[in-house]
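Working notes, beginning with the structure itself.
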Amino acid sequence: MLFFVSLQQTKILVLMSETTKCIVCNKTENDVPIIEFKFKGLKYHICSQHIPVLIHKAQALETIIPGIKPSEEANQ
């Protein structure tokens, strides 16, 4: 039996096989839940443990996410 796979389908298969990691602790989606978010056109992944850091202490991620600034709510 022959199967034909287009280049586009191959790309999708490759993307699906990549393991995502938290930008803070490098835990994978196999270890903990991972959330994907975008900032300035780039995609990042963060685990459920570090979401509060992203929300309340964004400046701590400046070395990982260039240009991120603390939110106004977090400063009040």
Residues of type lysines that Lys57 reaches as a straight line, Cα spacing below 26 Å, ignoring anything fewer than 8 places off in the same chain: Lys21, Lys27, Lys38, Lys40, Lys43, Lys69
Debye log10 I(q)/I(0) for the stretch 20-75, one point scatterer per Cα, at q = 0.13, 0.22, 0.25 Å⁻¹: -0.30, -0.83, -1.02
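Bear in mind these aren't lab numbers, they're just calculated from the coordinates by the rules spelled out. Note that the structure is predicted; figures quoted are calculated from it, not measured.
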